[in-house]
Amino acid sequence: MSAPGDRAQDLAAAVAEAAARGTPLRIIGSGSKASLTDAAYDHGAAPFRWLSVADHRGIIDYQPEELVVTARAGTPLGELEALLASRGQLLPFEPPRLRGAGTLGGAVAAGLAGPARSWRGAVRDSVLGVELANGRGERLRFGGQVMKNVAGYDVSRLQVGAFGTLGLLLSISVRLLPRPEAEQTRVFELTASEALGRCRDWARQPLPLSGTCHHAGRLFVRLSGASAAVTAAAARLGGEAHADEGFWPALRDHRHPFFEATGEVLWRAVVPPAAPVTNAAALIGWGGAERWHWRPPGDTSAAAEAAAAGGHARPFDGGFGYRDGPHLPEPERRLGARLRDAFDPERILNRNLGEAPEQDHAD
Amino acid sequence: MISPHVETLLRAALPASAIIAEPLGRKVFESDGLTALREVPGLVVLPEDEAQVLTVLRICREHGVPVVPRGAGTGLSGGARPLADGVLLGLSRMARILEVDLDNAVARVQPGVRNLAISEAVAGHGLYYAPDPSSQIACSIGGNVAENSGGVHCLKYGLTLHNVLGVRLITIDGDVLELGGKGPESAGYDLLALTMGSEGMLGVVTEVTVRLLPVPPEKRLLLAGFAAVDAACDAVGAIIAAGIVPAGLEMMDRLAIEAAEAFVHAGYPLDARAILLCELDGVTDEVEADLARVRAILDGHGATSMRVAESAADQAALWLGRKAAFPAVGRLSPDYYCMDGTIPRARLAEVLTQISRLSESFGLAVANVFHAGDGNLHPLILYDANVPGEQARAEAFGGRILELCVAAGGTVTGEHGVGAEKLDQMCAQFPAPELEQMHRLKAAFDPTGLMNPGKAVPTLTRCAEVGGMHVHGGRLPFPHLPRF
């Protein structure tokens, strides 16, 4: 008898059945990030069936003194983070809640981290283990609930950012952090280049940083930690205090005015933090490493700029397929296709995502 | 043996100094740090650059010769144990620091660069490379990537995984994969994360980009003694539950305390059943505040003695006892096995009690020295290989310990790797479908199975044969190196 909210057996069976019939599945949780992959289904998509993970939800195990939580993939982020907050803990990677929603599985599958990324780590840095269903519908467990674990390949972290194409995530164990005792935001009037210079200098100093955001001539800096340390750092950095505590969650969830639709295409670039400024209108986070640009349709200059700086960029709503962005180098593309064969030989899981299917796989 | 034809091809393509063929020269490479498992390699090749690595892999691929990559050879699980019919590919001569990029706070280094050499190279800028495995004065960064190495400070600063931003990975097919870089993430699948801890099974790493962190301005080290192991374990849980993340949180039990004290006179309390070493680092205000909280927690959990190191020299002395604990225990006994299981912190007291009971029933002493903060146990089983039957008993005992770890929701290896040593234990941790999935994953990188064959993931046949748990232990090599 399954626990309430445990639909793992049904989900794995649905994948096995789809594999037997050769019918691709499109995986969905809360739907908050559907726009990230809609583009892949725009033109001539092969018939597919939706597979919703939303009902597969709930906490499987949470022991605050272990700093680890294990939850089903469909668990809403809001619910999970409220529970953690009630015990003075948080998800280190601050997943965006686009459209105010999102599930744990979706956050891990998309691999998107929030403003604290450069200090508290990426999504994959906090993933300790997963249970997944591969493209044959087999339920498999990798990793576990402990920090240190080098038994076998790190299949659980490979799932992060794979958008479900290497496995349907069923449950995930995540490392947690204590909530900081104090938090403060400072604001500086600076150009983008000046802001990057400050961020570069701060990265070489022991400071309790947990977020930076530069846009429109202002640099916002978040300090988190023990009260005394935050107060001392604020005095040392200077700037003005910023009282709006909603600034960082709004930035995380793309409710910041910068993200309002413009009719142009939103590009996300990840570059070495000290990469030169190429766009004075960009929004720059992560101490310089994450840069958001609006560009006219058809303008792919953000990709070239990021590549020149040693990073990469693609449209945020690009369908996880590089259709509108740069292709992966050939060896990585080929290896990615082979990995997909290893996990999902029939391409049942989100077939349209990833590299163009006609390149990977003869349908 | 390597066929004369393949050797001729390698000699024609590489400088003479890059090839070691004479038997005595090859014998030097017969094992890594796990000296119990040894095999003289068919040929040793020590390339000087990536082009030579590509050449070696091409020739081996074309002639079906297996390749075993090796870093500094300090690994503890036989991950670099050679093959008599294979090439041992040593990366020790690719040991240059290619670039220190202060603007991005990263260093780009070749795989043979020693772990500690990175921190030494950037110390003048107030920076360091955080992961500090036991063997950091000798082990190489390429080997750290292969094992996803940790160290005493990974509770706060993470493993190799969390501190490497990019690698160049060469597959047996000759593909050069640039994974990650100076930026924090790359496009496509996270092959960088997959490379971490992959034990040389997927390819050869020829370059590593590491993240550099500012050296913390304040470090405080606290030593606490306890009258019972349980109380010390509970104190560990309480510190973490209080929202404090120490830089290091280590525990030693009575036998380990006595051994360390007799060896290096660190000043440990000899009347204690267990000691905790708790290091706090960061900015001064935060460290002082946390130190006061930790002291209160330890008091509340019945610490019988407490001492904060008064100086850097005092800190070094207290750490020395911990770092020298393995060789110190080695003085008590002709032989010992070092285990490496990890368990959830909350199960520490329970599992240690069970280990202590097993110790009585097997009639073998065990010393516990371990990373309490992240539940990574290193029980050292004392035995004498010259006493008939003792080695087999020690192996059986070790196997039971790893079974306990798996049963407690943990893993058979926290940081030493599976290598050639823990293949049988993998059978206990993973059911067949998971193992098959891992084999398919490897085949995606290495279709012909020439990269470090037979390591890390057991065949299903092997698992069927062992049936249950059976442990090959290992004697600790390099006794002069400090061990965590």
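Any read-out appearing in this document is the output of simple, stated calculations on the displayed coordinates, not a laboratory observation. Treat the numbers as computed from the prediction; the structure is a model and nothing was measured. Ideal geometry is used to build each Cβ from the backbone, glycine not excepted, and the neighbour counts take in all protein chains shown.
Points worth noting:
- Calculated FRET efficiency for the pair residue B:120/residue B:306, C-beta based, R₀ 25 Å, to 0.05: 0.15
- Inter-chain Cβ neighbour average for residues A:200-210, partner chain, 10 Å: 4
- Of all DSSP bridge pairs formed entirely within chain B, close to 85 percent run antiparallel.
- When both bridge partners sit in chain A, DSSP labels roughly 90% of those beta bridges antiparallel.
- Counting Cβ atoms of other protein chains within 10 Å of each residue's Cβ and taking the mean over peptide B:434-444 gives 6.
- Value at 222 nm in deg cm²/dmol, rounded to 500, when DSSP H runs of n ≥ 4 in chain A each add -39,500 (n - 2.57): -7500 deg cm²/dmol
- Cα long-axis angle, helix B:254-264 against chain B (0 to 90 degrees, to the nearest 10): 80 degrees
- Cβ-placed point charges (K, R +1; D, E -1), dipole of the protein assembly as shown about Cα centre in debye, nearest 20: 240 debye
- Each of residue A:34 and residue B:254 was given a label point 7 Å from its Cα along the Cα-to-Cβ line. The distance between the two points is 6.5 nm.
- Site pair residue B:30 and residue B:296 shows an inter-label distance of 6.0 nm when each label is modelled 7 Å from Cα along Cα→Cβ.
- Applying 0.36 nm per residue to the separation of residue A:264 and residue A:189 and subtracting their alpha-carbon distance, the gain on full extension is 24.3 nm.
- Chain B: translational diffusion in µm²/s, Stokes-Einstein, Kirkwood Rh over Cα pairs, 37 °C, 0.692 mPa s: 142 µm²/s
- Gyration tensor (alpha-carbon) shape descriptor, chain A, a/c threshold 1.5: oblate
- Overall form of the stretch B:217-291 per C-alpha gyration tensor (a/c, 1.5; a/b vs b/c): oblate
- DSSP beta bridges fully contained in the protein assembly as shown are about 90 percent antiparallel.
- Relative to the longest principal axis of the Cα atoms of chain B, the long axis of helix B:229-241 makes an angle of roughly 80 degrees.
- Computed from the Cα positions only, the extents of the stretch A:153-228 along the three principal axes stand at 46, 30, 22 Å, in decreasing order.
- In this structure, residue B:63 and residue B:176 have a Cβ-Cβ separation that, at R0 = 22 Å, corresponds to a calculated FRET efficiency of about 0.55.
- When the helices of chain B are scored as -39500 (n - 2.57) per DSSP H run of n ≥ 4 and the total is divided over every residue, the value at 222 nm lands at -10500 deg cm²/dmol.
- In a simple Cβ point-charge model (Lys, Arg +1; Asp, Glu -1; nothing else charged), chain A has a dipole of about 440 debye relative to its Cα centre.
- Degrees separating the helix A:330-343 axis from the principal Cα axis of chain A, which is the longest one: 50 degrees
- Globularity index of the protein assembly as shown, i.e. its alpha-carbon radius of gyration over 2.2 N^0.38 Å: 0.92
- Average partner coverage of B:282-291, which counts Cβ from other chains inside 10 Å: 6
- Taking Lys and Arg as +1 and Asp and Glu as -1, the other residues whose beta-carbon sits under 11 Å from that of residue A:74 total 0.
- Straight-line cross-link partners of residue B:156 among the aspartates and glutamates, defined as a Cα under 16 Å from its Cα and at least 8 positions apart when in the same chain: A:65, A:66, A:125, B:132, B:218, B:250, B:279, B:281, B:286, B:290, B:374, B:415.
- Cα-Cα over 28 Å, subset of A:148/B:27; B:323/B:442; B:219/B:422; A:148/B:323: A:148/B:27; B:323/B:442; B:219/B:422
- Considering only B:385, B:111, B:274, and ranking their Cα positions along the charge dipole of chain B that arises from unit charges at the beta-carbon of Lys, Arg, Asp and Glu, the one farthest toward the positive end is B:385.
- A convex hull fitted to the Cα coordinates of the stretch B:308-375 yields 113 cubic angstrom per residue.
- With an a/c value of 1.5 or above and a/b not larger than b/c for the gyration tensor axes a ≥ b ≥ c computed over the alpha-carbon atoms, the stretch B:35-101 is described as oblate.
- Backbone N under 18 Å from the residue B:386 label point (7 Å along Cα→Cβ), restricted to the stretch B:313-340: B:330-337
- Dipole size of the stretch B:290-352 about its Cα centre, with +1 on Lys/Arg Cβ and -1 on Asp/Glu Cβ: approximately 40 debye, rounded to the nearest 20.
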